[in-house]
């Protein structure tokens, strides 16, 4: 009896293609920028330069992918990072993204540039793991109100982006027409009297936001909230040490997906140095370039407690709303679980630095050979 051909299991590439077909040209361009940049490409390619060295004859019949992040248990070591304006991808916007994350019992960082408020997202996902990404404002009274809102709504950490001294609208001053009506309720107490993307809106934002921020601003936030504080955008050992000195509870090794300074190192290449510099005094996470479960495995082996995804979550949202976001996370979970089994790891704590070796260790032409097991 002839068997029907097997349907390949979906991958993130499949969902990316579906999202590309559904998103408007404006939305695809906004989310994808800069897909032709060196850093964007290298974030993805760099994972391929690390080789897995599996351990055999271990009982991996049952795998546990759960991990604890900032004191909260998550079912998978993959969370959703802060990205802007989900309304461009789906009518339910961040409500759907949060529901997808909650369905997988993992965390989501709500962006200040979200189209739904802190409170609306919290109401949509009462049991969800929620963190808030906050901007730096000149009016510290306003910042105190935002911190209070986050605490009241059940957000359990504050994320701060530290690698963005200038915001995009401060660099490209051309007016932009956004094809859908949006609101940004986590930036101002009241909606600005100008349409987002307009010249008037840009002037309004310039007057309100404190750019560039400094370590003194980070310290002020640390001193004015009881919530854990995570600094996102750290690439240097010196900044990692400064973050710990400022009382940061977490550091996210990130290069903004290549959207800021092009030509910086891939995050997976920087990760071991940051982990070593922090020395366990803060949790370390990674974002940028994660596309498969083996990518997750490599990042964990090199010291990340969890990874964050940005664009893939938006692809899932555009593909099928909350279910699409959940599907993206399920794919990564299933791929990670399979990779753990084949690598001889039954639980996350079994994933050790000796599992990963840089390809240069085996004589593949590249930079100086450094066996990652030393970390």
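Summed over qualifying helices (DSSP H, 4 residues or more, each -39500 (n - 2.57)) and divided by its residue number, the chain shows a 222 nm mean residue ellipticity of -12000 deg cm²/dmol. Quick check on segment 198-290: take the gyration tensor over C-alpha atoms, sort the square-rooted eigenvalues as a ≥ b ≥ c, and tell me if it's rounded (a/c under 1.5), prolate or oblate. Oblate, since a/c reaches 1.5 and b/c is not below a/b.
Shown for 45, 283, 323: other C-beta atoms within 10 Å of each C-beta, ranked fewest to most, produce the order 45, 323, 283. Rounded to the nearest 5, the antiparallel percentage of DSSP beta bridges internal to the chain is 20%. Counted by neighbouring Cβ atoms within 10 Å, the residues 133, 30 run from fewest to most as 30, 133. A simple spin-label model places pseudo-atoms 7 Å from Cα toward Cβ; at residue 352 and residue 66 they are separated by 2.4 nm.
In the chain, Cα pairs under 8 Å separated by at least six residues give a relative contact order of 26 percent. Taking 107, 200, 303 in turn, the Gaussian network model of the chain (Cα-Cα springs below 10 Å) assigns the largest fluctuation to 200. A straight chain from residue 262 to residue 52 at 0.36 nm per residue would run longer than the Cα-Cα distance by 72.8 nm. Exposure proxy for 132, 26, 137: other Cβ atoms within 10 Å of each Cβ, ordered fewest to most, give 26, 137, 132. For segment 219-266, the alpha carbon convex hull comes to 82 Å³ per residue, rounded to a whole number.
Considering only 353, 91, 228, the mean-square fluctuation computed in a Gaussian network model of the chain, springs between alpha carbons under 10 angstrom, is largest for 91.
Size descriptor for the chain, Kirkwood hydrodynamic radius: 21.2 Å (Cα pairs only, one decimal).
For the options 194, 256, 319, a Gaussian network treatment of the chain with springs between C-alpha atoms closer than 10 Å singles out 194 as fluctuating the most. Relative contact order, whole percent, for segment 248-338 stands at 26, derived from Cα pairs under 8 Å and 6 or more residues apart.
Every number in this text was worked out from the coordinates using simple rules, so none of it is lab data. Everything quoted here is computed from the prediction, not taken from an experiment. When we count neighbours, we look across all protein chains shown, and the Cβ atoms used for this are built from the backbone with ideal geometry, even at glycine.
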